[in-house]
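The values are calculated or read from the model by the stated rules, or taken from the named source; none is laboratory data. Given the structure is predicted, the values throughout are model-derived calculations rather than measurements. Reconstructed Cβ throughout: ideal geometry from the backbone, glycine too, with neighbour counts over all protein chains shown. Surface areas here come from the heavy atoms of the whole protein model, side chains and all, with no ligands, DNA or RNA. Shrake-Rupley method; radii C 1.70, N 1.55, O 1.52, S 1.80 Å.
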Amino acid sequence: MASDGIHTVTDIPIDDATLEGELVVPPESTGLVVFAHGSGSSRHSPRNNAVAETLHERGLGTLLFDLLTEAEDRHRENRFDIPLLTDRLVATTEWVREQSATSTHSIGYFGASTGAAAALRGAARPET
């Protein structure tokens, strides 16, 4: 990545939780893909990281983040709580829009499994 791009591990404050993520914004990018990981997956998923790298090569930014905290992920039922996952995705999208490096970027979602359900529901919300 060119030196004027952004690549940072970040904490995302969401209501009563802090979610961990990795934000990559290539130079001159105008779009950002927010990843919504499926049940049992995380921002460290080799498959999602490979997809993210391909997006970077094409000039798109990415945010890979965990929809649940480590403590929340220990409770299996949280992984299938689609309303909770959707709320987290939408709140994270609001956070992205508040960051100076991504405030003007077009935003899209990429999701698999339960993350896909959250992405579809989040995209259908009027505020996203």
Checklist entry - Which shape class, rounded, prolate or oblate, goes with the stretch 14-73 when its Cα gyration tensor gives a ≥ b ≥ c as root eigenvalues, a/c under 1.5 marks rounded, and past that a/b bigger than b/c marks prolate? => result oblate
Next on the checklist: If you filter the stretch 19-128 for GluC sites (Glu not before Pro), then keep DSSP loop positions with at most 10 other Cβ within 10 Å, what is left?
Outcome noted: Glu28, Glu127
Checklist outcome for this item: Over all pairs of different Cα atoms in the chain, the reciprocal of the mean inverse distance gives a Kirkwood radius in Å of 14.5
Checklist entry - Do the sum for the chain: with -39,500 (n - 2.57) for every DSSP H run of n ≥ 4, divided by all residues, what is the mean residue ellipticity at 222 nm, to the nearest 500 deg cm²/dmol? => result -10500 deg cm²/dmol
Checklist entry - How much of the calculated P(r) for the stretch 70-110 lies past 12 Å, in percent of all Cα pairs? => result 67
Checklist entry - Taking Cα pairs under 8 Å and at least six residues apart, what relative contact order does the stretch 17-128 come out at, in percent? => result 37
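Per residue, what accessible area does the chain have, given a 1.4 Å probe and all protein chains present, in Å²?
53
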Item to check | the chain, accessible surface, carbon-and-sulfur percent (1.4 angstrom probe) | outcome: 48
Checklist entry - Say each of Thr18 and Ile6 gets a label point 7 Å from the Cα, pointing the same way as Cα to Cβ; how far apart are those two points in nm? => result 1.9
